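Notes follow once the structure below has been shown.
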Amino acid sequence: MQTVLSIATTGPGLTEFTDRVADWLPERDGLLTLFVRHTSCSILIQENADPEVQTDLQTWLHRTVPPTTDPAMADLTHTYEGPDDMPGHIKASLLPVSLQIPVTAGRMRLGTWQGIYLWEHRDRPHRREVVLHFRAD
C-alpha cells in the first residue's frame, strides 16, 4: 500500500508531518517506509516537544554547511541555482532521505517525544513529496 504526501515548506527549517502519516496508516501491524523525492531536503525523526532542538539543529547545520557566498565554500562549482542549492544537496547527502518505522495495530512505534519532519534546506518555500509505503506483516 502506497501514497504520496505533498508537504509545503516555508523555507529552511523543519516541518512536522507526523499526524498526516498517522492518519494514513491502516489498523494493522507492519513496517512503514518513508522516502523523500528530492535532493535538497531530508526527512528525519526528531524531538517534537522543545522547539529549541530544531533551532539548534538548524544553526549547527547552517554553520557546518554554509551557503556558497561563504568564503569556505568558494571551491564549489554548482552555483547557478543560487547560493543555497549546492549546500542543500550537501545537507541532504549528510541526513536521511528515507526512514523505516515499525507499526503495531495502526500506530507508529515512535518514542514519546519523537515526530517525523521534512527538513527543507533551500531558502525559498517549496512543495515536497514524500512517498509512504506500508507493508503489513
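Does SER6 fit the bill of being in contact with a helix residue (DSSP H, G or I) (Cβ under 7 Å, 6 or more places away or on another chain), small (Gly, Ala, Ser) and closer than 26 Å to THR104 by Cα?
no
Inspect region 71-80 for any residue being loosely packed, with under 12 Cβ neighbours inside 10 Å and in contact (Cβ under 8 Å) with a residue 60 or more places away in the chain and give the result as yes or no.
Within region 71-80, none of the residues are loosely packed, with under 12 Cβ neighbours inside 10 Å and in contact (Cβ under 8 Å) with a residue 60 or more places away in the chain.
Taking region 85-111 on its own, how many of its residues are in contact (Cβ under 8 Å) with a residue 60 or more places away in the chain and either outside any strand (DSSP E or B) or among the hydrophobic types (A, V, I, L, M, F, W, C) (or both)?
8
Exactly one condition in (1) buried (at least 18 other Cβ atoms within 10 Å of the Cβ); (2) within 11 Å of TYR117 (Cβ to Cβ) is false for HIS38; which is it?
(2)
Could you tell me which numbered condition SER6 fails, if it satisfies all but one of (1) under 17 Å from HIS133 (Cβ atoms); (2) surrounded by 12 or more Cβ atoms within 10 Å (Cβ to Cβ)?
Among (1) under 17 Å from HIS133 (Cβ atoms); (2) surrounded by 12 or more Cβ atoms within 10 Å (Cβ to Cβ), the lone unmet condition for SER6 is (2).
Please indicate, with yes or no, whether at least one residue in region 24-32 is in contact (Cβ under 8 Å) with a residue 60 or more places away in the chain, in contact with a Pro (Cβ under 8 Å, 6 or more places away or on another chain) and under 16 Å from LEU94 (Cβ atoms).
There is no residue in region 24-32 that is in contact (Cβ under 8 Å) with a residue 60 or more places away in the chain, in contact with a Pro (Cβ under 8 Å, 6 or more places away or on another chain) and under 16 Å from LEU94 (Cβ atoms).
Looking at (1) loosely packed, with under 15 Cβ neighbours inside 10 Å; (2) without any contact (Cβ under 8 Å) to a residue 12 or more places away in the chain, can you tell me which one ARG135 breaks?
(2)
Of the residues VAL21, VAL36, VAL53, which single one is among the aliphatic types (A, V, I, L, M) and free of Cβ contacts under 8 Å to residues at least 40 places away in the same chain?
VAL53
Does at least one position in region 81-103 carry a residue that is surrounded by 15 or more Cβ atoms within 10 Å (Cβ to Cβ) and polar (S, T, N, Q)?
No, that holds for no residue.
Every number in this text was worked out from the coordinates using simple rules, so none of it is lab data. In this text the structure is predicted, and so the values were computed from the model without any measurement. Cβ: placed from backbone, ideal geometry, glycine included. Neighbour counts: every protein chain shown.
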